[in-house]
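Have a look at the structure below before the remarks.
Each reported figure results from applying straightforward, stated rules to the coordinates on display, with no laboratory input. Remember, predicted model here, so these are calculated numbers, not experimental data. Ideal geometry is used to build each Cβ from the backbone, glycine not excepted, and the neighbour counts take in all protein chains shown.
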Amino acid sequence: MRKYLAEFIGTAVLVFMGCGTAMLVGCDPGMGSGYLLTALAFGLVIVGMAYCVGNISGCHINPAVSLAVLLSGGMKIADFAGYVAAQLLGALAGAGLLAGVFKLGEVKDMTGAYGSNAVSGLGGNGIIAGLIVELVLTFIFVLVILGVTDGKAGHGSFGGLIIGLSLTLVHILGIGLTGTSVNPARSFGPAVVAAIDGNAEPIKALWIFIVAPLAGGALAALVYKLLKGGKEKEE
């Protein structure tokens, strides 16, 4: 249960700090400061949580990461189910806390939907483009995680910092396109809370931010396994 509690707390903090920063400063690409602050907020949460709960649960706080670890043989299906449940509940708790704070404090939500993801930054075939963006960004992010956490990588105590910076990197590109999910739980919590608050638009697009990140995580696991297998053969 300690692992699941760690995942719950980590995901709640991710949503509260990351989405909360987006709500406070906005994510308009034309306003660079808010855009970059949001990217940094998500990345810095991962750095902090990696050194806080990483030794307890591995600090997945993301179903796409847990899926990649499962497919890589790093966890059992029962643990995977427990991790995902804890992550979804943590995201709901984080988004619910944000809703309470912003309403009680009468603070304007600059995102309009608790930091929910959307394909509003994409025109034309936005759904297809959004799926591609989220798949590719998740693939990059999870591939970094698999490499950094590989026992043979030798990154030592710098692992959490590298992963956090990688999340910041994918946010810098993705915020203006999809708001950057790369994490089904991070999208789930704000979308559900927004729907409860009367805004159903985010939950209509939620499937994009579940399907694409999970596919990206699975692809990263497959590719890393192939790359690692090739390296071991060379050795």
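In degrees, nearest 10, range 0 to 90: what is the angle between the Cα axis of helix 159-178 and the longest Cα principal axis of the chain?
Roughly 40 degrees between the two axes.
So for Cys59, Cys27, fewest C-beta neighbours within 10 Å to most, what's the order?
Cys27, Cys59
For segment 65-151, rounded, prolate or oblate, judged on the Cα gyration tensor with a ≥ b ≥ c (square roots of eigenvalues), a/c < 1.5 rounded, else prolate if a/b > b/c?
It comes out oblate by the Cα gyration axes.
For the chain, take every pair of Cα atoms, bin their distances at 10 Å starting from 0, and report each bin as a whole percent.
Answer for the chain: a P(r) of 9, 35, 38, 15, 3, 0, 0 percent.
Per the helix-only calculation at 222 nm, which mean residue ellipticity applies to the chain, given -39500 (n - 2.57) for every DSSP H run of n ≥ 4 and division by its residues, nearest 500 deg cm²/dmol?
Calculated mean residue ellipticity at 222 nm is -24500 deg cm²/dmol.
Binning at 10 angstrom from zero up to the longest distance, how are the C-alpha pair distances of segment 1-113 distributed in percent?
16, 40, 30, 13, 1
So how much slack lies between Lys225 and Val211, counting 0.36 nm per residue of separation and subtracting their Cα-Cα distance, in nm?
2.9 nm
Provide the per-residue ³J(HN,Hα) series for segment 189-200, in order, calculated from phi with Karplus coefficients 6.51, -1.76, 1.60 and θ = phi - 60°, each as a whole number of Hz, with x at glycine and proline positions.
For segment 189-200, the Karplus curve yields x, x, 5, 5, 5, 4, 5, 4, 7, x, 9, 8 Hz.
With a cap of 12 neighbouring Cβ atoms within 10 Å, and only residues DSSP puts in a loop, list the trypsin sites (Lys or Arg not before Pro) found in segment 96-154.
Sparse-neighbourhood loop trypsin sites (Lys or Arg not before Pro): Lys108, Lys152.
Report, in whole Å, the centroid distance computed from the Cα atoms of segment 163-235 and segment 56-87.
Segment 163-235 and segment 56-87 have Cα centres spaced 14 Å from each other.
Once both labels are modelled 7 Å past Cα along the beta-carbon direction, what's the Ser33-Phe102 spacing in nm?
2.0
Number of Lys pairs in the chain with C-alpha atoms less than 28 angstrom apart, excluding same-chain neighbours closer than eight positions?
For the chain, the number of qualifying lysine pairs is 16.
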